[in-house]
Amino acid sequence: KTLIKLRNNHKALTFGDINITDLSDDRLISFTRESEGHTALVIHNISPESVTIDLSGTRQRELLFSTDPDFSTVVSPATLPGFSTVILN
């Protein structure tokens, strides 16, 4: 229900074009969704290991959703636990 509500409240997640982004790490799948000037960045860690990601070069820093309650965009690089997802606005 949380993800459905999030999708319905953010145009980029509902109607946005999908653009694959390269984070240069085979353990991560990431993409942006863009619609009417709104952009969301989705990052999935598909490995069992934690992965450090550098968010300093991204425009999207507001955390919309994380499967890890301790994930923070305040610290960069940030650590994304294994098999987790974050969505940034």
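The values are calculated or read from the model by the stated rules, or taken from the named source; none is laboratory data. Note that the structure is a prediction, hence the values are computed from the model and not measured. Every residue, glycine among them, receives a Cβ derived from its backbone with ideal geometry; neighbour counts consider all protein chains shown. Just so you know, the surface numbers come from the protein's heavy atoms only, side chains and all, with ligands and any DNA or RNA stripped out. Shrake-Rupley method; radii C 1.70, N 1.55, O 1.52, S 1.80 Å.
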Taking amide H positions as placed 1.01 Å from N in the peptide plane, with prolines and chain starts having none, which residues 5 or more places from R61, or on another chain, fall under 5 Å of its amide H? N89
Per residue solvent-accessible surface (Å²) - the chain, probe of 1.4 Å: 62 Å²
How far apart, in nanometres, would the label points at T2 and D54 be if each is projected 7 angstrom from Cα along the Cα-to-Cβ direction? 3.0 nm
Portion, in percent, of the accessible area of the chain that falls on carbon or sulfur, probe 1.4 Å: 51 percent
222 nm [θ] for the chain, helices only, -39500 (n - 2.57) per DSSP H run of 4+, per residue, to 500? -3500 deg cm²/dmol
